[in-house]
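In what follows, a structure is listed as structure tokens, so that the remarks can point back to it.
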Amino acid sequence: MPTSDVTTGLKKILIISPHFPPSNLAAVHRSRLFAMHLPAFGWEPTVLTVDEKYYEEELDPNLSRLLPPGLAVEKASAFRMTRPRLIGDIGIRGFVPLYRKAKRLIRNKKIDFLYIPIPSFYAALLGRWLHAATGVPYGIDYIDPWVHHFPGSEKIFSRHWFSRKLSGMLEPIAVKHATLITGVAEGYYKGVLERNPQLAASCRVGAMPYGGEKADHAKIAELGLRPYLFSKRPGKIQLMYAGAMLPKAYAPLEAIFQAMSANRAAVGELEIHFIGTGKTTDDPEGYNIRPLAEKYGLWGSVIFEHPRRIPYMDVLVHLEAVDGVFILGSTEPHYTPSKVYQGVLSGKPILAVLHRESTAVAVIRSANAGVVLDFDGEAAVPRIGEEFIGVFERFMVYLRNFDPRQVNTGAFEEYSARSVTARLAALLDKCVK
């Protein structure tokens with residue numbers, strides 16, 4: 001039976017998110033946005049995270065200023081990083097402290113439901129253990145697929161091979177008694193249900209995109225931030241891509257670069273700035289895009305890369321400064337870039353190249369927020385090269401006639417963080433009656 005707080009009338013949910021603001025990792029926004037909006041739908045959240053002094057990544061103090069006032073955030077310790085780096089995953093280093101603290105919180109706060117967004121994938125095992133210890137029902141939210149084919153994972157005894165084998169063994173243990181499985185899109189958890197057919201009878205499922213948060217963009221002026229990676233150049237149309245590059249996004253990107261190289265006059269006005277696309281999050285020289293751009297003679301004229309990850313609010317500031325947003329998807333249909341929501345809310349026109357099954361295609365088109373070149377997986381990559389220049393020319397017409405008021409914010413409302421959280425709350429209500 002639910003143990004709703006008699007004072008507030010809210011049911012209680014514990015969200016275990018080993019990374020949380022001021023961590024600058026992209027996944028923290030999933031938990032942050034859910035925690036922000038859940039009270040409006042009858043759920044009082046407590047977030048359990050690892051103390052930021054144990055994080056590897058550079059911290060973003062401004063991100064903590066986006067948290068809702070009064071949000072209960074509990075912190076656990078973890079094993080510190082070693083040199084050389086043996087175990088980096090925060091879900092492993094903080095597993096035991098997170099378990100102990102979560103068990104106390106579940107009992108002391110009379111938690112009604114435990115929710116674990118992954119990655120860190122190892123944190124998913126906390127659900128099974130805590131359910132066994134306390135009886136609390138739990139759910140797992142797939143921000144990324146866990147059992148997943150990585151380039152190189154077919155090579156026996158390689159690091160990716162071991163990783164895939166381990167995930168294949170651990171996932172069934174983690175999900176065995178779950179009462180809720182969710183994900184950014186259906187493709188993120190569809191394989192989980194296929195690999196664990198017993199879940200169909202005992203588990204609720206639901207797809208919920210990241211969603212966009214207007215309040216984040218409104219905070220920019222208050223913080224007084226300014227762009228610093230590049231400045232406006234007369235006669236240039238500057239687009240921006242922010243975020244990591246997925247392994248299966250490089251083939252579409254190369255097809256685009258080939259088309260640009262063969263049609264330099266058509267892209268003469270264009271500059272695309274890739275931000276945070278480096279080999280690691282903190283190496284300013286860890287170029288991933290530059291070698292490909294140099295191969296096609298585009299580097300320094302059309303294509304620019306700033307490899308190091310920058311803070312989330314700094315990304316939004318740079319979005320305010322550019323002429324438009326470039327979004328590149330993967331050859332995998334499940335991939336739905338969270339940057340789509342930032343792009344729409346920035347009020348800047350979007351040029352996107354996406355798998356046609358990505359939910360981001362519908363987001364952009366329903367909001368009339370940009371021009372999309374959609375394609376159907378790896379076999380259709382050559383078509384990207386054939387069609388890109390024509391799509392780019394359509395985008396330029398769209399951009400020159402763009403009025404932010406033409407974006408259909410009503411259509412986008414279903415993708416707002418609040419609406420997405422409403423879907424989660426509806427599922428939680430069915431899990432806890």
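Where the convex hull is taken over the Cα atoms of region 8-52, what is its projected area averaged over directions, in nm²? Before the final figure, lay out each step's value.
Details: hull surface 12.3 nm².
For region 8-52, averaging the hull's shadow over all directions gives 3.1 nm².
Computed on region 205-346, the Cα convex hull volume stands at 126 Å³ per residue. Considering only alpha-carbon pairs that sit under 8 angstrom and 6 or more positions apart, the relative contact order computed for region 222-341 is 34 percent. Build a GNM of the chain with springs between Cα atoms under 10 Å apart, and of Arg400, Arg383, Arg264 the one that fluctuates most is Arg400.
For region 274-343, the Kirkwood hydrodynamic radius comes to 13.4 Å, computed from all pairs of different C-alpha atoms. Against the chain, whose longest principal axis is taken from its Cα atoms, helix 186-195 shows a tilt of about 50°.
Here the accessible area is traced with a 1.4 Å probe on the protein chains. For the chain, carbon and sulfur cover 54 percent of it. P(r) tail for region 290-432: Cα pairs beyond 27 Å make up 28% of the total. Across the chain, Cα pairs under 8 Å and at least six residues apart give a relative contact order of 14 percent.
Computed with a 1.4 Å probe over protein heavy atoms only, the accessible surface of the chain comes to 43 Å² per residue. Per-residue surface analysis assigns Arg204 an accessible area of about 90 Å², computed on protein heavy atoms at 1.4 Å probe radius.
Would you calculate the convex hull of the Cα atoms in region 42-112 and tell me its volume per residue in Å³?
100
Relative to one another, the C-alpha centroids of region 280-340 and region 215-274 are positioned 6 Å apart. What the phi angles of region 268-282 give under the Karplus curve with 6.51, -1.76 and 1.60, with θ = phi - 60°, is a coupling list of x, 7, 8, 10, 10, 9, 8, 10, x, 9, x, 5, 10, 6, 10 Hz, glycine and proline written as x. Filter Lys11/Lys176; Lys11/Lys109; Lys190/Lys214; Lys236/Lys348 down to the pairs with a C-alpha to C-alpha distance above 21 Å, please. The pairs that break the limit, which is 21 Å between Cα atoms, are Lys11/Lys176; Lys190/Lys214. Packing, taken as the mean count of other beta carbons within 10 Å per residue, orders the peptides 107-114, 136-143, 207-214 from highest to lowest as 136-143, 207-214, 107-114. GNM on the chain, alpha-carbon springs under 10 angstrom: the most fluctuating residue among Arg32, Arg128, Arg233 is Arg233. Candidates Leu239, Ala266, Ala215 compared by Cα position along the dipole of region 209-275: farthest toward the positive end lies Ala266, with charges placed on Cβ. Under a 5 Å amide H cut-off, with hydrogens placed 1.01 Å from N, Ala76 pairs with Thr49, Val50, Asp51 among residues at least 5 apart or on other chains. Here are several values of Kirkwood radius over Cα pairs in Å: [x] 24.4; [y] 26.3; [z] 22.6. Which one was derived from the coordinates shown? Structure-derived value, by its label: [z].
The values are calculated or read from the model by the stated rules, or taken from the named source; none is laboratory data. For clarity, every value in this text was computed on a predicted model and none was experimentally measured. Cβ coordinates were reconstructed from backbone atoms using ideal geometry, including for glycine residues, and neighbour counts include every protein chain displayed. Each accessible area value is taken on the protein alone, full model and side chains, heavy atoms only, with ligands, DNA and RNA left out. Shrake-Rupley method; radii C 1.70, N 1.55, O 1.52, S 1.80 Å.
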